[in-house]
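Scroll down for the structure; my scribbles are underneath it.
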Amino acid sequence: MKPARYQAQVSQCAAEIRELLPDLASRHTPLVVIAALSEHVGGALFLSQETRACSPAQARAIIRRMKELAFADEPA
């Protein structure tokens, strides 16, 4: 898949998830929502590796990107 197409799909999926967040945030604390999303991402990465939809290196790259986004103000 071409990077631009992949990024467009990622952005679209992220927008769909963002639409769900206000409802979740109204029913749960921010910490619970983030913990649930983390559990979901971890499970998805595990399943993706088990089914060979992604490699361990790709899963680690996703986790690195999440870390970059979460701790953007920390020096590299």
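The values are calculated or read from the model by the stated rules, or taken from the named source; none is laboratory data. Computed from a predicted model, the values in this text were never measured in an experiment. Reconstructed Cβ throughout: ideal geometry from the backbone, glycine too, with neighbour counts over all protein chains shown.
Quick check on Ala4: is it of a type in the set (A, V, I, L, M, F, W, C) and either over 12 Å from the mean Cα position of the chain (by Cα) or outside any helix (DSSP H, G or I) (or both)?
Yes, satisfied.
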### Task
Hey, could you check the range 19-69 for residues that are loosely packed, with under 11 Cβ neighbours inside 10 Å and either in contact with a Gly (Cβ under 9 Å, 6 or more places away or on another chain) or small (Gly, Ala, Ser) (or both) and say which is nearest to Pro3 (Cα to Cα)?
Ala57
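Could you list all residues from the range 22-48 that are under 16 Å from Met66 (Cβ atoms) and either hydrophobic (A, V, I, L, M, F, W, C) or touching a helix residue (DSSP H, G or I) at 6+ places or on another chain (Cβ under 6 Å) (or both)? Explain how you work it out, then say what you get.
First, pick out the residues of the range 22-48 that are under 16 Å from Met66 (Cβ atoms): 33-46, 48.
Val33, Ile34, Ala35, Ala36, Leu37, Val41, Ala44, Leu45, Phe46, listed by residue number.
Kindly provide the set of residues from the range 14-55 that are of a type in the set (S, T, N, Q) and in a helix (DSSP H, G or I), ordered by number.
Within the range 14-55, Ser26, Ser38, Ser48, Gln49 meet the criteria.
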## Note on the structure
Contact list, first residue from the range 31-59 and over 21 Å from Ile17 (Cα atoms), second anywhere and not in a helix (DSSP H, G or I), beta-carbon distance below 9 Å, six or more apart or interchain, is Gln49/Ser55
### Unmet criterion (only one of (1) acidic (Asp, Glu); (2) under 12 Å from the mean Cα position of the chain (by Cα); (3) exposed (fewer than 10 other Cβ atoms within 10 Å of the Cβ)) for Asp73
(2)
### Query
Looking at this structure, is Arg60 at pLDDT 90 or above, more than 16 Å from the chain's Cα centre (by Cα) and not polar (S, T, N, Q)?
no
